[in-house]
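Have a look at the structure below, then the notes.
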Amino acid sequence: MEKRLKGTAWKFGDNINADEACQFYKNMNLDLNNREALAKICMTGYDSDFPKKGKEGDFIVGGKNFGSGHMHAHFYYSIKALGIRAVIAESVFHRLYREAINSGLPIIICPSTGAIQNGDPIEIDLEKGLITNERTKEVIRSETLSPVLKEIIEQGGIDGYIKSELEKP
Amino acid sequence: MGMTISEKILAKAAGKRKVEPGEVVRARPCFSTSHDFYTYPTWTGRLDRIGMKKLANPERVAVVADHFIPATTLTWANNHRGLRNWAEKFGVKYFYYGEGISHQIMAEKGHALPGEFLASDDFECTTLGGVGCFAAGIGTSILEAYALGTLWMRVPTSIKVELTGSLKKGVTTRDLSQRVIGDLGDGGALYSVVEFAGPAVSQISVDDRMSLCARLVYTGAKTAIVSPDEKAIKYAKGRAKASFDPVTSDPDATYLEVLKYNLSELEPVLAAPPSPVNSQPISKFKGTRIDQAYIGSCASGRLDELRRVARILDKRRAAAHVKFIVAPSSAEVLKGLSEEGLLGTFLESGAILGSPGCGVCFGSYGGLLASGEVCISTTTNNVAGRMGSSEAQIYLGSPETVAASAIEGKIADPRDYL
């Protein structure tokens, strides 16, 4: 896994509800293997044009309680399908935290995301726990990713991690 | 600095002397369980593709069929067949079919134990905190628990809810939990354990503690727990399938927040549409006409609750226009009703007795709502579409509130019947 990630930050507010974000009850029959279709529902509950704006390697930036509610898998699958590289948020619902990590999507907890505006180019240093806003040059501190979780993300998610553990002599 | 009960349980499971909130540990749950919704073919298919040849601890695994039983469609008949074959192939020690809802029977069958760590693939398992067990909903990490016997856990912070006084007649721990859920709100207990403590706890039965811990996930809580006392230990001792070590919080443990409730001041509370955190006093909706009244689920439907419901229903009948459905949380609860001679009371009240299971709660089978209908229910969640039509309205309340409402055919205050 690269230590530094660069991309555009797409900012969302507090209490982003997971099911609303991907319009789950409208899209519940979408096959979770259909990446193309899933990419088209990513965050559309809050920004209907988001799948056109968000590019491979970009970041979603949330506020507090990101991914709340009775989360279904379509939410984080759609984020991954669009190619979003990581989610940065002030706090996340524990279900999303676990499922995102287990699906290989890094979640970066950052005490305040106020220094990031929609569309800002940012760089994340995962090792040091630093996020640089390349527009303002402001550097903000985030949590570093625990080695336990990094191991899972490096294997592409929980399935890869288990496989690698089982293959160890 | 002392540790909370949750920190102690996780430290032990992680093989460490101490853990700190925020720290990510790899822990070994004492017991792991999953139910029919995802186990076959989703989890089993992934484990096959991963190449798992054997379960890490088959003697500490239970697979529960509770979401679609008895098989509600041909697909589910086939899935249950597949589930059973998989469990046999991998030597899963406990296979429960139709014995009740996982979050109830894990306690009844002695798998969720005081001071121990249980992992379930279902995030609603907070109910099991009622026996003093740290029960964590871990979704896809069940794959790791099954294959390797471990899983990662970010140690949660703890919020203490201190209880004093005693509940008045007609007010239950279900009302208390709804108050707490409303006060904390969505995200109010994010990544925390809600720990119920204080002098009032000792009066509360284990059944009612389970109803108290249920549904706390809607505040964003990791789980909920009641420190085990003699009552919880007695409950567990007669059932335990393994040894257990009941720990409690240290007096100098650190809490993110402490909330205080005087139980004597509580009133019946409802979760009104549109969300499970929308707590409202019953007075606000008294008289609202209902079409369906349901008592059951992992959140309520235990023996203590149904005994009290029977007192309300005694020699009374549900209103003619109401579909009144009662499904005890488990076969053991149903047996208890039978042994205590209470089944007749339910049948004479006009209740349709459902089989123990999850169907009504998540709108799968056994009592779906039509467009425009209003339901009062003891289930877990009231978001639009949860129990059938997204044009139906769901109010959540205590079993006593639902029983009183069934009789009147409109939302009613159970205190008028006691």
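The values are calculated or read from the model by the stated rules, or taken from the named source; none is laboratory data. This is a predicted model, so every value here is computed, not measured. Cβ placement follows ideal geometry from the backbone for every residue including glycine, while neighbour counts extend to all protein chains displayed.
Quick look at the values:
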quantity	calculated
Elements of type helices (runs of 4 or more DSSP H) in region B:115-234, at least 2 residues being without any contact (Cβ under 8 Å) to a residue 40 or more places away in the chain	B:173-184
Criterion: more than 28 Å from A:L145 (Cα to Cα), assigned by TED's automatic domain parsing to the domain that holds B:A56 and not aromatic (F, W, Y) - qualifying residue of B:I138, B:I181, B:I142, B:I159	B:I181
All positions within region B:129-159 that are surrounded by fewer than 24 Cβ atoms within 10 Å (Cβ to Cβ) and among the hydroxyl-bearing types (S, T, Y)	B:T140, B:T150, B:T157
Region B:364-385, residues that are crowded, with 21+ Cβ neighbours inside 10 Å and either among the hydrophobic types (A, V, I, L, M, F, W, C) or within 12 Å of chain A (Cβ to nearest Cβ) (or both)	B:L369, B:C375, B:I376, B:T380, B:N381, B:N382
Count - residues of region B:52-92 that are surrounded by fewer than 16 Cβ atoms within 10 Å (Cβ to Cβ) and closer than 29 Å to B:V131 by Cα	4
Enumeration of residues in region A:127-141 that are surrounded by fewer than 20 Cβ atoms within 10 Å (Cβ to Cβ) and either modelled with pLDDT under 95 or aliphatic (A, V, I, L, M) (or both)	A:E127, A:K128, A:G129, A:L130, A:V139, A:I140
Count of residues meeting criterion [within 14 Å of chain B (Cβ to nearest Cβ) and modelled with pLDDT of 90 or more] in region A:22-44	1
Out of B:A318, B:A272, sole residue that is among the small types (G, A, S) and over 21 Å from the mean Cα position of the chain (by Cα)	B:A318
Total residues in region A:47-61, condition closer than 12 Å to A:N118 by Cβ and part of a loop (DSSP other than H, G, I, E, B)	3
Residue under evaluation B:A406, criteria (1) farther than 26 Å from B:D36 by Cβ; (2) under 19 Å from the mean Cα position of the chain (by Cα), criterion not met	(2)
Only listed residue being buried (at least 16 other Cβ atoms within 10 Å of the Cβ) and of a type in the set (D, E), chosen from A:E165, A:E90	A:E90
Some residue of region B:238-255 being closer than 24 Å to B:A327 by Cα, part of a loop (DSSP other than H, G, I, E, B), outside the structural domain of B:G115 (by TED's automatic domain parsing) and under 22 Å from the mean Cα position of the chain (by Cα)	no
Which numbered condition B:E162 fails, given (1) touching a Ser or Thr at 6+ places or on another chain (Cβ under 9 Å); (2) at pLDDT 95 or above; (3) surrounded by fewer than 24 Cβ atoms within 10 Å (Cβ to Cβ)	(1)
Helices (runs of 4 or more DSSP H) within region A:64-169 that include 1 or more residues touching a helix residue (DSSP H, G or I) at 6+ places or on another chain (Cβ under 7 Å), within 14 Å of another protein chain (Cβ to nearest Cβ) and over 27 Å from A:F24 (Cα atoms)	A:147-154, A:158-167
Sole residue being at pLDDT 95 or above, of a type in the set (F, W, Y), out of contact with any Lys or Arg (no Cβ under 9 Å at 6 or more places or on another chain) and crowded, with 16+ Cβ neighbours inside 10 Å, chosen from B:Y255, B:Y261, B:Y235	B:Y235
Residue count for region A:1-45, restricted to those that are on the phi > 0 side of the Ramachandran plot and in a helix (DSSP H, G or I)	0
Residues of region B:30-51 that turn out to be farther than 22 Å from A:A73 by Cβ, assigned to a loop (DSSP other than H, G, I, E, B) and under 22 Å from the mean Cα position of the chain (by Cα), as a count	1
Subset of region B:335-366 [among the hydroxyl-bearing types (S, T, Y) and free of Cβ contacts under 8 Å to residues at least 60 places away in the same chain]	B:S338, B:T345, B:S349
A:K53 being in contact (Cβ under 8 Å) with a residue 12 or more places away in the chain, surrounded by 14 or more Cβ atoms within 10 Å (Cβ to Cβ) and over 25 Å from B:M387 (Cα atoms)	yes
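Quick grid of which residues meet (1) without any contact (Cβ under 8 Å) to a residue 40 or more places away in the chain; (2) of a type outside the set (S, T, Y):
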| residue | (1), (2) |
| --- | --- |
| A:G69 | no, yes |
| A:S78 | no, no |
| A:A89 | yes, yes |
| A:R98 | yes, yes |
| A:I109 | yes, yes |
| A:D125 | no, yes |
| A:K128 | yes, yes |
| A:S146 | yes, no |
